[in-house]
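None of the figures in this text is laboratory data; all of them are computed from the coordinates on show. Bear in mind the structure is a predicted one, so any value in this text is a computation, not a measurement. FYI the Cβ positions are ideal-geometry reconstructions off the backbone, even for glycines, and counts take in every protein chain you see.
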Amino acid sequence: DAKTTQPTSMDCAEGRAANLPCNHSTISGNEYVYWYRQIHSQGPQYIIHGLKNNETNEMASLIITEDRKSSTLILPHATLRDTAVYYCIVRVAYGTSYDKVIFGPGTSLSVIP
Amino acid sequence: EAQVTQNPRYLITVTGKKLTVTCSQNMNHEYMSWYRQDPGLGLRQIYYSMNVEVTDKGDVPEGYKVSRKEKRNFPLILESPSPNQTSLYFCASSRGTGALNTEAFFGQGTRLTVV
C-alpha cells in the first residue's frame, strides 16, 4: 500500500496562501490522492482529490507532480478557521473485494493572525 | 441534510461490559467504515464494509465486531471492552470506491472510556 509523508507542522500568516506538501513516492497508477482536514476533535472533512491532473474547488487547489510522487494542497487565502490537521491520503481500491484507507499523522497547520 | 450520525457521543463503561456504538447514514452510500483515533497514532481503520453483508478488516480489527444488515446502518460492537479500547471513534460513509468515490462523510465521533 502506498504511504504518504507530510511535515509534522507548519505555520501560515492569515491571508497568505498555505502550501501543504505530501510525498507519495510509491503511488501506483490507479490510486487517487485525497486531502482531508480535522479541526480539533471533530470528524475529518473532505477537501479535494485528484488522480493526475491539477484540481481546484471552492476550498483549495491540488497540484500533483507529473510523476505523481508528490502533491501540494494550496489554501489560497488562509484564515484562522483553517487551523487544523491536514491529512494526505492515497486511496487503494481493487474492484469490490478490497478497500483500505490509510491515514498518516498529517500536518498540523497553524494560521497566525 | 446529508449526514452520518453516531450514538452515543460520549460513553464511559467498565471492562468486559458489551457495548454497541451505532452509525447511520442517510445518503444511500454503499461504503462505510470505522476508525479509531489515538494521540500520536492518528486515524486507524478498524473495519469497513463495501455493501450490505460485505465487511472486512482494516488495520486494527482485534476486539471489535461489525455488521451490515442494511445499507444505512453499520454498528460497531465491543464484546468485551478493555481499557486499551479507550479512544475517539469515527464512522464514515462514501458513495463508492476508486473512480466512483468522491468524498467520505464522517460522523461527529464517539469518545469511549473503558475503566
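Annotations for the structure displayed:
- Lysine pair count for the protein assembly as shown [Cα-Cα under 23 Å; pairs on different chains or 8 or more apart]: 19
- Rounded to the nearest 20 debye, the dipole size of the protein assembly as shown about its Cα centre is 540 debye, using +1 on the Cβ of Lys and Arg and -1 on the Cβ of Asp and Glu.
- Radius 11 Å from Cβ of B:Leu43, net charge of other residues (Lys, Arg +1; Asp, Glu -1): 0
- Normalising the average separation of contacting C-alpha pairs (under 8 angstrom, six or more residues apart) by the number of residues puts the relative contact order of chain B at 35 percent.
- Taking all Cα pairs closer than 8 Å and separated by 6 or more residues, the relative contact order of chain A comes to 36 percent.
- 18 Å tail of the calculated P(r), chain B, as % of Cα pairs: 46 percent
- Taking the Cα centre of chain A as origin and assigning +1 to Lys and Arg Cβ atoms and -1 to Asp and Glu Cβ atoms, the resulting dipole is close to 140 debye.
- Mean separation of Cα contacts under 8 Å, 6 or more apart, over the residue count of the stretch A:28-74: relative contact order %: 25 percent
- Unit Cα scatterers, Debye sum, the protein assembly as shown: log10 I(q)/I(0) for q = 0.11 Å⁻¹: -0.55
- Mean projected area of the convex hull spanned by the Cα atoms of chain A, taken over all viewing directions: 7.0 nm².
- Along the stretch A:38-47 the Karplus relation, 6.51 cos²θ - 1.76 cosθ + 1.60 evaluated at θ = phi - 60°, assigns HN-Hα couplings of 10, 8, 6, 10, 6, x, x, 10, 5, 10 Hz to successive residues, with x for each Gly and Pro.
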